[in-house]
1. Identify the single condition in (1) assigned to a helix (DSSP H, G or I); (2) open to solvent by 20 Å² or more (accessible area, probe 1.4 Å); (3) within 28 Å of Val247 (Cα to Cα) that Pro212 does not satisfy, given that it satisfies every other one.
2. Can you name the number of the only condition in (1) out of contact with any Asp or Glu (no Cβ under 8 Å at 6 or more places or on another chain); (2) among the hydrophobic types (A, V, I, L, M, F, W, C); (3) closer than 21 Å to Ala138 by Cα that Val185 fails?
3. Condition test on Ala373, is it over 18 Å from Thr324 (Cβ atoms), out of contact with any His (no Cβ under 8 Å at 6 or more places or on another chain), open to solvent by less than 20 Å² (accessible area, probe 1.4 Å) and not in a loop (DSSP other than H, G, I, E, B)?
4. With of a type outside the set (Val, Ile, Thr) and surrounded by 21 or more Cβ atoms within 10 Å (Cβ to Cβ) as the only criterion, which of Leu192, Leu199 stands out?
5. Which condition number in (1) assigned to a helix (DSSP H, G or I); (2) closer than 20 Å to Leu43 by Cβ; (3) open to solvent by 10 Å² or more (accessible area, probe 1.4 Å) is the one that Gln151 fails?
6. Please give the helices (runs of 4 or more DSSP H) falling wholly within region 400-512 in which 2 or more residues are among the aliphatic types (A, V, I, L, M) and modelled with pLDDT of 90 or more.
Amino acid sequence: MMSLPEARELAVTLASKAIDGGPGDWRRGAARLEALDGRSWLLLDQAARTFTYATGTPVSGVRGWLSTSIDEPTGFVATITSMHVDGRLRERATQVLATKRAVIATSALTVRLLDHVPQVRTAAWTSLRPQLDVVTAAVVLDVVLAGRGRQHAAKAVSDVQGALVAGVGPDDLVRILRSSSRRSVRRWAHELGHQWNLLTADQLVDTARNDPDQWLRATCADWLMHAGDQSHITQLLDANSVEARLVALTRMPDDQLTDEALRALLTDRAPRVREQARWRARRRGLDIIGHYRDQLATAPIPPRVRAACLDGVAVVGDDSDLPTCIEHLSHQNARVRATAVNAILGRATSEEVVSLLAPVLLDPSPRVSVTAARALARLGAPPTMANEAWASERPATRRAAWRLSRASGGWHRVEADLRVAGDPDPHLASLGHAGLSNWLAVSAATTWDHLSDEQQARIADLLDAAGINAEQSLIFAFHTGIKRRANDPDGTEAPALEVTARRRWLRAIRRG
């Protein structure tokens, strides 16, 4: 997905190729434009006529835009000209694009349907209308649907829809566009098919089960609840799509949902589905905790099912389930161990959780150690509990120590960030530097916790190894009360640097 800065850079490059390039540049530029989606076309069009001090206005001026090259065969030069700041040049470019049958010409004409100048919009529609067919429909719709929030978009969508329906027919139009690779077009086609009652229950089931678009899966599942019979709705209970399973479980009447199907959903791989299944099972009077305990006592069961049962025990179990949860801390599967950590957090007292999960900070799995760090942080465990984890050779274990230590806030957060800022692991070090920058910008002036002499000494040592610049180091020293000298060997510039840092900090405070 293109960003606006990237669109500005691309606009400058393509404008240069359009004016000063040759046939090779035009072919490469056309290939670059063919790869854009509808949203990127609109961003590029905006960037082409937007002034910045760095780039000026990329597509502007009069030199070279209406030369004979505007009619070159790829349509690239005419496409870039259609983004010119001068509406007269844009109108002329749309007339040239009418003679091109390239994909970029179709997209460029569609962009001009949203133009603020009426004459340009009229010229663009006159040029585009004869090109609308099943081949170009997806390209055109991708652009106009991306600009649906614009002033003239409603009329553009209406005109394009009317022309396509008149030329292709509603049945074929929906059938063809339902399988488009462009997500916005696929959504539009399904919405149109639903509005006109053109979608069968089998088609809704297929989309709800298999479409890569999460919104479309959930929407088709919801439509199916109103249009399908029991056999179609039942097919959603084992769909790969979480949205489809959740809609079916939520909306299916009690007399159509069997106890067996409901018990299977109690161990579904998706937490949202399990939560809804527990609610329905509780309302029906099923023994939920008994089902989970029976599953955990059964060997072997897949790790996914075992983890789902432990998650259920954490929600609906009692103190008698704690030994089972503790037993699974040594399970060979990391997913099961991580779920056991959360289950212990839900079933044990605070003192028991701290004693049981402190060793788990050293677990070889990053997933498990971080889960333990989060659980201990929720209970307010002291940073000293992470000392052994800090000494680990595994970066993931040190990251767990960092999470636990900085969760205490105040100077503990600063100390933890300084510690990982000097870590040999580059990812950990980047987390530390980001945390330190955030603290300086947001929290430095409001950290009023008492800083003990011992912690101040540790922070001073860590500051030397944190790899931050001299100015940041002096600002840190100011807030922490640490006496520092400049990096210059004789230290003669230290007072000036310290005064400069203090003045900058005071000015920032005054500005708010």
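The values are calculated or read from the model by the stated rules, or taken from the named source; none is laboratory data. These figures come from a predicted structure and were not determined experimentally. So basically every Cβ, Gly included, is an ideal-geometry build from the backbone, and we count neighbours across all protein chains shown. These area figures cover heavy atoms from the full protein model, side chains too; ligands, DNA and RNA do not enter into them. Shrake-Rupley method; radii C 1.70, N 1.55, O 1.52, S 1.80 Å.
1. Tallying (1) assigned to a helix (DSSP H, G or I); (2) open to solvent by 20 Å² or more (accessible area, probe 1.4 Å); (3) within 28 Å of Val247 (Cα to Cα), Pro212 fails exactly one: (1).
2. (1)
3. yes
4. Leu199
5. Result: Gln151 fails condition (1) only.
6. 410-421, 426-438
Listed here are the residues, each with its yes/no results for (1) of a type in the set (A, V, I, L, M); (2) closer than 18 Å to Arg28 by Cα; (3) at pLDDT below 95; (4) within 31 Å of the chain's Cα centre (by Cα).
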{"site": "Arg88", "(1), (2), (3), (4)": "no, no, yes, no"}
{"site": "Thr99", "(1), (2), (3), (4)": "no, no, yes, no"}
{"site": "Ser107", "(1), (2), (3), (4)": "no, yes, no, yes"}
{"site": "Val111", "(1), (2), (3), (4)": "yes, no, no, yes"}
{"site": "Leu114", "(1), (2), (3), (4)": "yes, no, no, yes"}
{"site": "Leu132", "(1), (2), (3), (4)": "yes, no, yes, no"}
{"site": "Thr136", "(1), (2), (3), (4)": "no, no, yes, yes"}
{"site": "Val144", "(1), (2), (3), (4)": "yes, no, no, yes"}
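Table: residues versus (1) open to solvent by 40 Å² or more (accessible area, probe 1.4 Å); (2) closer than 24 Å to Pro302 by Cα; (3) at pLDDT below 90.
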site: Thr207; (1), (2), (3): no, no, no
site: Leu236; (1), (2), (3): no, yes, yes
site: Ser241; (1), (2), (3): no, yes, yes
site: Ala264; (1), (2), (3): yes, yes, no
site: Asp268; (1), (2), (3): no, yes, no
site: Pro271; (1), (2), (3): yes, yes, no
